[in-house]
Each structure stands twice: as C-alpha cells, then as structure tokens.
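The values are calculated or read from the model by the stated rules, or taken from the named source; none is laboratory data. Bear in mind the structure is a predicted one, so any value in this text is a computation, not a measurement. As a convention, Cβ positions derive from the backbone with ideal geometry for all residues, glycine included, and neighbour counts pool all protein chains shown.
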Amino acid sequence: MPRLSDTMEEGTIGRWLVKEGDSFSEGDVLAEIETDKATMEFQAYDAGTVLRILVGDGESAALGAPIAIVGEQGEQVDGAAPAAEPAAGEPADSEEAPARAQDASVREAAPPPPRPGSNGRATGAALRVSPIARRMADDAGIDLSGMAGRGSGPEGRIVKADVERLIAGGGAPAAGPDAPVRAQTAPQADEVRELTPMLKAVAARMAQSKATVPHFYVESEIDMTRALQLRAELNDGLAASGEKISVNDLIVRACAQALLEHPQAHRSYVDGRHVYHAHANVGIAVALDDGLIVPVVVAADTKTVREISAETRDLAARARDGKLKQREIEGGTFTVSNMGMFDVANFEAIINPPESAILAVGATAPRPVVSDGEIVVRHIMRVTLSCDHRACSGADGAKLLQTVKRLLQSPSLLLV
Amino acid sequence: MADMTYREALRRALDDELARDPDVFLMGEEIGRFEGSYKVTAGLWEKYGPVRVRETPISEEGFIGAGIGAAMMGLRPVVEIMTINFILVAMDQVINHAAKIRYMFGGTVGVPLVIRTPGGAGAQLTAQHSQSLEGWFAGCPGLKVVAPAFPADAYGMLKTAIRDNDPVLFVENLVMYNVTGPVPDDPDHTVPFGSAAVVREGTDLTIVAHSYTVQRALRVADILSRDGIEAEVVDLRSLRPLDAETVAESVRKTNRALIAEEGWSTYGVGAELAARIHRLCFDDLDAPVERVGGAEVPMPYSKPLELAALPLESKIEAAARGLLADSGITA
C-alpha cells in the first residue's frame with residue numbers, strides 16, 4: 001500500500017484497473033486507492049505483469065502492506081494466476097492449441113486481445129465518453145467532466161456502466177475528490193449510513209487530535225474597522241478587474257506574516273522533535289454540504305493579498321466542486337477556520353495535526369467600545385487561537401495572536 | 001415441421017420448384033448422374049431428366065452465360081457452381097451481364113437466374129478452394145446475395161430466389177450441408193430477402209453473422225452465458241438487400257456490436273455493417289464496433305494453420321470479451 005497522502009495510515013482499493021495476468025508499463029494506472037483524504041491514482045513505478053492481487057476492490061490495507069504481486073509474464077507465484085495463460089487453464093502448447101480448438105465445445109477463452117490504446121495512461125486530461133454514456137448522462141443531467149479519465153473503458157473512457165452506477169447513486173467508481181458531496185437528507189426512520197472516505201478521515205483525524213494533542217486556547221477581540229475600510233478601498237480600486245478581496249484574505253495574509261515573526265508558534269511537534277517551517281502554508285477550512293476540506297495556500301507569506309485572494313477563491317470553488325488535487329490539500333502549517341458567515345460570535349477549533357495551531361474566526365459586528373475614554377462603535381471580530389502545547393507555550397500563542405491583531409488593526413502593514 | 005439437413009432442405013426446395021414451375025431448370029458440373037459434388041441434387045436427374053437437370057462441361061463462364069441467356073428468354077435457371085472459388089472465371093458474366101442487364105435494357109428484360117454455390121473453409125482445401133467471397137458480390141448493385149444459416153431458411157430462401165425476377169447469388173457453406181434443423185412442411189414456405197433474424201436474444205452485446213458463422217456465434221453466446229453475459233445473435237440471412245435496421249435495433253438494446261464472418265474483415269461484410277451501425281445508432285454505442293474475420297492470408301493447407309486462420313469460437317469469444325472490457329465489463 002503506497003503512501004499517497006502524507007497522513008494516511010491505511011488505504012482502501014477503490015478499484016483495480018488491471019487484473020491478474022495483465023501486463024502494464026511504467027506510468028500505467030494500476031488502481032484507484034482511497035486515502036484518508038481523496039481517491040488517488042496508483043501508477044506503476046515500472047513495467048511488469050500482475051501475478052496476483054492480494055487486496056481486492058473495496059478492501060483496505062495498512063501502509064506498506066503488499067496489495068499485489070507483480071513480476072515477469074509467466075512467472076509462477078504460489079497460487080497466482082499464470083499470466084497470459086488461456087483461461088481454460090490448460091497447459092500452453094502452441095502446437096496443440098489450434099488442434100484443440102477444432103472441437104467447438106472446447107473453450108479456448110484467450111484473454112481479451114490488447115485493445116488499441118488500452119495501455120495508455122489514464123491521465124485524466126481528456127474526457128472520453130462513449131456515445132451511450134454521454135446520452136444517458138445528458139438525459140439524467142449528470143455532469144461527467146469531473147470524471148474525466150476515470151471511466152471503466154480504455155484510457156479511462158466513461159462507459160454506460162459508469163453512468164449507470166452514478167445514476168443508481170452508488171457513487172462514481174471513485175467517489176473521491178472528484179465527486180461533489182451532496183447534503184444528507186433526513187430519513188423517514190432512523191437509518192445507518194456509511195461515511196464517505198472524507199468523513200471517515202475527518203472523524204479519525206479530529207478524534208486523534210483532540211485525544212492526543214494538548215490544546216490550549218487564546219482569545220482576542222480585534223477591531224476590524226480599519227481593515228474593513230481598507231478592504232472597501234481595495235475593492236473600489238479593483239472593481240474593474242472583477243476581483244474582490246475578502247476579510248478572510250486579509251486574515252490569511254496577517255496570519256502568514258505573523259507566523260514568520262513567531263517561529264516558536266509556527267513549529268510542529270512530531271515524534272518528540274520540533275519541525276520549524278520556512279513558509280506559512282495556510283490552510284483554509286471550506287465547509288461542504290456534508291463535511292469539510294482544507295485546501296492550502298502554499299507560502300502565503302510570499303504572496304500579496306490580491307494573490308491570496310485569487311488563489312483562495314479558486315481553491316474554495318474547486319473544493320465545493322470536488323475537484324481539488326491531492327497536493328492542494330496537504331502540507332499546511334496553520335489553518336484559518338472562519339465561521340463569520342454563520343454569524344457565530346466565537347468558537348474553538350480543533351487543531352489539524354501535524355499543524356500546531358488553528359485560528360477560529362467569528363463574525364465581525366459593530367459593538368460599543370471604549371476608546372480614549374469615549375464609548376464609540378467599532379467593528380469587532382472575536383477570534384480564538386487553538387495551540388498545541390507541545391509545540392508552543394501560552395506566551396508563544398499569545399504573541400502570535402497579538403501580532404495578528406496588530407497587523408489587522410493597522411492593515412496597511414499587510415500591503416508591504 | 002420435419003427435421004432435415006441443410007442439404008436436404010436445399011434439395012427439397014429445388015424439387016418443389018422444379019415440380020411447380022416448368023420454366024425452372026438446373027445446370028452445373030456433375031449435378032446429374034453424379035448427383036453433384038455435395039449431393040444437393042441427388043435424385044433430381046432421375047426424376048426430371050437430362051433436359052431439366054443439365055450437366056455442363058467445366059466451363060463456368062460458358063454455362064453462367066447460358067443461364068443468363070435462358071433467363072433473359074423467360075426461363076428460371078438454377079446454376080450450381082461447385083464452390084464459390086470457381087465463379088471467379090465467370091466474373092464478367094456475373095458482374096457485367098447478370099447484374100447489369102435489367103439496367104442496360106431500360107428495365108424491359110430481367111435475369112431471373114439463381115447461382116447456387118458453397119463458400120467456406122475447414123476441410124483442408126487450401127488457398128484456392130477455401131474462400132468466402134460473398135462480400136465482393138454483395139457490393140455490386142443489380143445482384144441479390146443471400147447466405148442462410150439454417151435448413152429452414154435454406155429452404156425458404158432458395159424458393160424465394162428461384163421465384164425472384166432478378167439474379168440471386170445463393171451462398172451455401174461446405175461444413176453446413178450436414179447441419180440438421182426443422183423445416184416447415186408447407187411447400188409454399190418462403191423467406192423474404194432483406195430481413196435479418198434475431199436467432200438468440202440477449203442484452204449485453206450483439207453478435208452479427210451470416211451463413212455458418214451464425215452457428216459459431218450461437219455457441220459463443222452459450223459460452224458467454226455461463227458467465228452471465230447474454231449475447232444477442234443476429235443472423236443477417238441476406239447480404240444484399242441488407243437489413244441493417246434489425247441489427248441497429250438490437251444494438252440500440254445492447255449498446256455493443258461484434259460482427260463475425262468467415263471472410264476477410266478488410267472491406268468485408270463487417271466493414272459495411274460497422275459503417276451502418278455507426279450511422280444508425282452512434283448515440284447508442286458504448287464501445288467501438290468490433291469485427292472478427294478470417295486471418296488475412298491465403299488459407300493454409302496445414303490443419304493447425306487452417307484452424308488458426310479460421311474465425312473459430314475462441315476468437316469470436318475473445319473479441320466479445322474484449323468488447324465488453326471496453327465497456328468496463330469483465331466476467
């Protein structure tokens with residue numbers, strides 16, 4: 001079982017794309033493997049022949065456990081299917097074979113002949129759909145673009161059986177990041193439903209985090225009045241381009257800058273050691289109809305607010321469409337979880353290991369505050385920073401939050 | 001209904017038509033006293049005499065030409081060509097005359113001629129005597145070409161051919177003469193041209209064939225059925241006119257088409273059908289139309305090589321499974 005995500009501990013074979021006896025070339029996709037985050041294509045490192053499949057479709061195996069035996073064509077493995085042998089199982093004998101075939105009742109089921117192009121890589125680049133599959137999908141109003149290269153036919157062609165599965169609601173052959181998640185509906189009576197791989201991953205990761213990571217929390221109120229003014233100015237200036245900076249973009253930028261200033265609050269506790277991060281890869285929690293996913297703005301400290309904004313908008317849109325790539329959801333060093341749009345005053349978030357901190361952002365609302373002895377109305381945002389106490393002390397967390405606050409209250413600093 | 005061989009069904013059709021219509025007569029090499037190389041005309045020389053069952057020299061061009069002339073003058077000759085391979089010396093008569101005369105005489109004269117001839121291979125008759133050339137003739141406007149696969153159709157279609165007012169190439173198959181099947185007792189049982197038959201119903205793919213290959217396709221369908229794959233088998237029966245609509249109707253149901261034939265695939269019956277299928281039901285296809293034909297070599301004499309060159313059940317089955325694999329179905 002290959003490591004296809006940096007946090008997976010086991011993988012599930014979503015579907016084998018080769019069967020015993022099949023030969024493959026380097027780079028051919030052998031199987032689709034569901035990791036804790038996504039469904040990934042498992043490509044062959046080298047050419048060979050599948051001698052035996054050990055872990056079947058839908059079965060799971062621990063990281064590093066053998067899932068299949070490969071070797072040379074014809075090579076014998078204990079119990080393995082003899083490669084390239086006619087399915088009748090009779091000893092291969094080129095002189096005898098045609099004579100046997102004289103008797104029409106003798107079944108000489110040779111393996112299907114190689115189909116033109118069937119060994120090509122399913123790169124997922126091209127959307128190939130058989131005519132009937134296309135028609136059925138059109139009739140059912142199903143968009144197949146997310147399944148490009150993932151069908152059951154040659155070179156990932158989407159065929160009738162794939163669309164039938166989609167229509168039946170059994171999910172795509174690979175219900176991974178490509179399949180948009182649908183909101184659950186209430187049943188008539190209590191009902192047990194299986195978790196999607198993503199929900200399983202969330203459940204496992206959060207339970208592990210809350211049980212093993214010693215969380216502490218630092219709260220603050222940030223005056224966002226000037227940040228909102230800056231945002232309004234920026235958006236006025238950018239109106240022609242169609243771009244729109246969000247409050248969250250400013251928060252991400254502020255966190256990225258602050259993290260670089262506070263390396264003690266920007267390190268991961270891994271196996272008794274501290275891993276210090278050179279760049280702030282800021283994850284942004286995106287709520288889906290059922291579940292969540294955290295795409296990462298890599299090296300946000302090197303990006304302008306405008307760049308962060310464009311990238312975030314793209315990532316969030318694709319997250320909701322189920323079209324994120326695996327590399328776009330890994331490698332985070334910090335997460336921002338913003339529930340301001342749900343009008344929550346404040347909340348506490350669970351750290352997403354191996355990150356050591358996460359910022360929970362509540363709604364920004366006008367409130368009376370005392371400023372220079374006067375009661376004035378300011379736009380206040382409440383935030384809570386959750387920190388891993390193995391990675392940083394309370395003071396480290398407090399300093400980080402202080403810097404975030406300073407940057408957001410003097411938001412022109414975010415532009416330099 | 002009575003069970004009889006394909007050979008007996010042909011003989012009965014000839015006998016019926018000779019008895020029914022005095023304009024019908026037979027011509028061919030050794031068809032009288034010797035009863036024909038494959039004994040199709042056994043007993044007819046004794047019954048109808050040497051005028052209506054005429055023996056000819058080995059001169060295919062001459063006696064097909066004589067048949068065309070007799071047909072133009074109002075008779076209904078049934079010419080036997082010992083195997084389809086020997087028709088090649090008479091191609092000018094068949095293609096330039098029989099097929100063209102109605103057109104070139106402005107529709108005033110027809111050629112109600114039947115040429116009966118077996119094609120096929122499997123008896124180590126080697127390169128020059130093992131061909132399936134019916135596709136060549138089926139490409140020629142002015143001819144009708146039929147190739148029944150069962151005794152009942154052999155009976156009914158030979159009668160239709162004899163009663164037809166245009167030239168018909170009636171293609172039999174060497175290994176099919178001993179195949180037995182039920183044949184209706186009705187002496188007026190005829191089977192129309194241009195009407196394919198679904199001889200086995202199925203849901204997962206359509207195998208289209210003609211002549212003896214239909215029987216191979218049925219055996220393949222039985223093999224596939226053991227794995228839960230149900231193949232529909234369509235017997236074309238008639239190559240020209242071609243009933244592509246029945247094929248298309250089947251493919252609309254199964255979404256997959258495999259065409260098997262004993263002749264060479266290149267420019268073959270399958271090539272024509274593949275084009276028709278793509279045109280008639282493109283939006284119903286789940287995989288490209290697949291073809292299986294004889295190996296594209298002169299037929300070898302050696303038995304193992306002959307078997308290797310023939311589109312045996314094993315090849316049809318492998319092609320069917322490949323086609324299903326294209327659709328993500330493995331069994």
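Worth pointing out:
- For residue B:112, the conditions (1) assigned to a loop (DSSP other than H, G, I, E, B); (2) closer than 14 Å to residue B:169 by Cβ; (3) in contact (Cβ under 8 Å) with a residue 60 or more places away in the chain are fulfilled apart from (3).
- Residues in segment B:231-249 that are free of Cβ contacts under 8 Å to residues at least 60 places away in the same chain, out of contact with any helix residue (DSSP H, G or I) (no Cβ under 9 Å at 6 or more places or on another chain) and over 9 Å from residue B:196 (Cβ atoms): there are none.
- Criterion (farther than 24 Å from residue A:4 by Cβ and out of contact with any strand residue (DSSP E or B) (no Cβ under 8 Å at 6 or more places or on another chain)) met by exactly one of A:318, A:327, A:313: A:313
- In segment A:302-345, the residues that are under 23 Å from residue A:198 (Cα atoms), out of contact with any Asp or Glu (no Cβ under 7 Å at 6 or more places or on another chain) and of a type in the set (Asp, Glu): A:311, A:314, A:321, A:328
- Of all the criteria given as (1) among the acidic types (Asp, Glu); (2) assigned to a helix (DSSP H, G or I); (3) farther than 19 Å from residue B:201 by Cβ; (4) more than 10 Å from chain A (Cβ to nearest Cβ), the one not satisfied by residue B:306 is (4).
- Within segment A:230-266, tally of residues that are touching a residue at least 12 places away in the same chain (Cβ under 8 Å) and either farther than 25 Å from residue A:299 by Cα or not acidic (Asp, Glu) (or both): 25
- Counted residues, segment A:124-154 - those being surrounded by fewer than 22 Cβ atoms within 10 Å (Cβ to Cβ), away from chain B (no Cβ under 12 Å) and either out of contact with any strand residue (DSSP E or B) (no Cβ under 9 Å at 6 or more places or on another chain) or modelled with pLDDT under 85 (or both): 11
- Of all the listed residues (B:274, B:248, B:318), the sole one being assigned to a helix (DSSP H, G or I), farther than 17 Å from residue B:203 by Cα and more than 10 Å from chain A (Cβ to nearest Cβ) is B:274.
- Looking only at residues of segment B:280-302 that are within 7 Å of another protein chain (Cβ to nearest Cβ) and in a helix (DSSP H, G or I), we find that the one that is nearest to residue B:226 (Cα to Cα) is B:284.
- Hits in segment B:283-330 (condition: under 21 Å from the mean Cα position of the chain (by Cα), closer than 30 Å to residue A:131 by Cβ and not charged (D, E, K, R)): B:292, B:293, B:294, B:311, B:316
- Yes/no for residue B:92 being surrounded by fewer than 24 Cβ atoms within 10 Å (Cβ to Cβ), in contact (Cβ under 8 Å) with a residue 60 or more places away in the chain and either in the same structural domain as residue B:234 (by TED's automatic domain parsing) or out of contact with any His (no Cβ under 9 Å at 6 or more places or on another chain) (or both): no
- Note on segment A:5-62: enclosed strands (runs of 3 or more DSSP E) holding 1 or more residues that are surrounded by fewer than 18 Cβ atoms within 10 Å (Cβ to Cβ) are A:10-16, A:39-43, A:48-53, A:60-62.
- Considering residues of segment A:214-244 that are exposed (fewer than 13 other Cβ atoms within 10 Å of the Cβ) and polar (S, T, N, Q) only, the residue modelled with the lowest pLDDT: A:241
- Residues that are free of Cβ contacts under 8 Å to residues at least 24 places away in the same chain and either surrounded by fewer than 21 Cβ atoms within 10 Å (Cβ to Cβ) or part of a helix (DSSP H, G or I) (or both) were ranked within segment B:322-331; the one that is farthest from the other protein chains (Cβ to nearest Cβ) is B:330.
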